[in-house]
Ligand SMILES: [Zn+2]
Ligand SMILES: [Zn+2]
């Protein structure tokens, strides 16, 4: 029941955010999206003491636990969810308000922030999340892996502040509401491949190790 309540609340937040967002003009929407993209990265670059060091250098799933985070509770088996696939690092469960015939979430077991807080060092993690998502789709008899959507919500439109990959299929059959939330025209949904490109284009240096003047 709590899970249903959570997902109801989760979706309500997304939908109401979406409704108010749609009232913005195109210019304001673009500006907001750019701000959302830039600010966390800037603050991350200039923050020498970040969660990054402990998250990247210490991938022990027991660390990075946030007692207030529902996805941490799911990963820690403190909250029920239908776990479709899991390993030491990741787990996958259905989105209870699916935006497509198949809609799953892949999360790291440890608490990581939204996709904009990731660094180049997280590329393998994102790739493994994508692999698990595709594996679950295949287990669910999805054969056309070219007709899928893999991506992340861009804050402030990510309702759960625990990194989670949305895995949707078939992408070609998403309804208008789903397209607004997860489709190519959504400015607050970042396809996983685009995130990988962005992370790969970053400098090798870790911001926690780099001097602020380097940025
Ligand atoms: Zn969490
Ligand atoms: Zn989400």
Original post:
If you scan segment 113-152, which residues turn out to be over 18 Å from residue 201 (Cα atoms) and in contact (Cβ under 8 Å) with a residue 60 or more places away in the chain?
Top reply: 113, 114, 129, 130
Original post:
Would segment 112-128 turn up any residue that is in a loop (DSSP other than H, G, I, E, B) and away from ligand 1 (no atom under 15 Å from the Cβ)?
Top reply: yes
Original post:
Which condition breaks for residue 180 when tested against (1) part of a loop (DSSP other than H, G, I, E, B); (2) farther than 21 Å from residue 91 by Cα?
Top reply: (1)
**OP:** State all residues of segment 155-177 that are more than 11 Å from ligand 2 (Cβ to nearest atom), in a loop (DSSP other than H, G, I, E, B) and touching a helix residue (DSSP H, G or I) at 6+ places or on another chain (Cβ under 7 Å); if no residue qualifies, say none.
**Re:** 156, 174
Original post:
Right, residue 193: more than 12 Å from ligand 2 (Cβ to nearest atom), under 25 Å from residue 111 (Cβ atoms) and at pLDDT 95 or above or not?
Top reply: yes
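The values are calculated or read from the model by the stated rules, or taken from the named source; none is laboratory data. Given the structure is predicted, the values throughout are model-derived calculations rather than measurements. Positions of Cβ are backbone-derived with ideal geometry, glycine not excepted, and every protein chain shown enters the neighbour counts.
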